[in-house]
Amino acid sequence: MKPAAIALSLLALNACALDPQTSAEFPVDTWRLDDGRDPVYRLAPGDTVEVTVYSAPELSRTVEIAPDGRIRLPLAGPVPAAARTPQQLRKAIASALSRQLKEPDLDVLVTGFSSQQVFVGGEVASPGLIDLPGQIGPLQAIIMAGGMTDAAREREVLLMRRLPGGEVRSALVNLRAGLEDPALAGWLPLRRFDVVYVPRSRIAEQNRFIQRYVRNALPIQFSLFYDIAGDNN
């Protein structure tokens, strides 16, 4: 896969984090539960939310989260919504409305969900975005992308995921090891905006690979936070 294609996938990931912060402010435990249960749902561009303002019903709206990750409401202005839980968004809207209203009382309900897609690239037959049919892992995603080419290095498949604070986590997984590979811990099932990259040659250092083919390939500059030490996350 060409560097420009990877850049496009990372731009899609970037839509979920407008204001990157350090991972210390967004500990992994708030994003992934150790008992395997799904984390609290976090909003993304394309999701639709119904905002009901009880203290001012005329302000109630059903709005779609824009590509920039924000929603726009009367009196509140643009409010960041992407990568937040519905409860966090409710508090953010209440804070924005408090400049005009006294103790605004409101609820936020998710009424529509955007496409659940992951990006599969590198040595696969049909690289690009694929729709998640359900709870699948990287091998199933690769099969849906047409399978690996003869030049694929299935022992070093790179997974990338952006966390709510903007940090990008990565792991190298050995598909031949199947579910026994400890590097898969915390990665199953895949989540929307995950990146699965099947390399042609050996990825000796994840950090150097991401720096060369991802960060430097982006047409615009923005901050990314990498945690390469913890491959099991």
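Computed from the coordinates by the stated procedures, all read-outs in this text should not be read as laboratory data. Quantities reported herein were computed from a predicted structural model and do not represent experimental measurements. Ideal geometry is used to build each Cβ from the backbone, glycine not excepted, and the neighbour counts take in all protein chains shown.
Relative to the Cα centre, the charge distribution of the stretch 48-112, modelled as +1 at Lys and Arg Cβ and -1 at Asp and Glu Cβ, gives a dipole magnitude of about 220 debye. Ranked by the mean number of other Cβ atoms within 10 Å per residue, highest first, peptides 108-121, 70-83 order as 70-83, 108-121. Close amide H partners of VAL118, meaning residues 5 or more places away or on another chain with modelled amide H under 5 Å apart, are ILE130, LEU132, PHE193.
Other residues lying with their Cβ under 14 Å from the Cβ of LEU89 contribute a combined charge of +3, Lys and Arg counting +1, Asp and Glu -1.
Rounded to 0.05, the FRET efficiency of the GLU64 and GLN135 pair, given R0 = 30 Å and the Cβ-Cβ distance, is 0.70. Rounded, prolate or oblate: pick one for the stretch 48-112, where a ≥ b ≥ c are the square roots of the eigenvalues of its C-alpha gyration tensor, a/c under 1.5 means rounded, and failing that, prolate if a/b is larger than b/c, else oblate. Here the stretch 48-112 falls in the prolate category.
Remark on SER60: its backbone amide H falls under 5 Å from those of VAL53, a criterion applied only to residues 5 or more positions apart or on other chains, H modelled at 1.01 Å from N. Label positions at LEU179 and LYS102, each projected 7 Å from the Cα along the C-beta direction, are separated by 5.9 nm. Note on SER126 and PHE113: their simple-model spin labels are 2.3 nm apart, each label 7 Å out from Cα toward Cβ.
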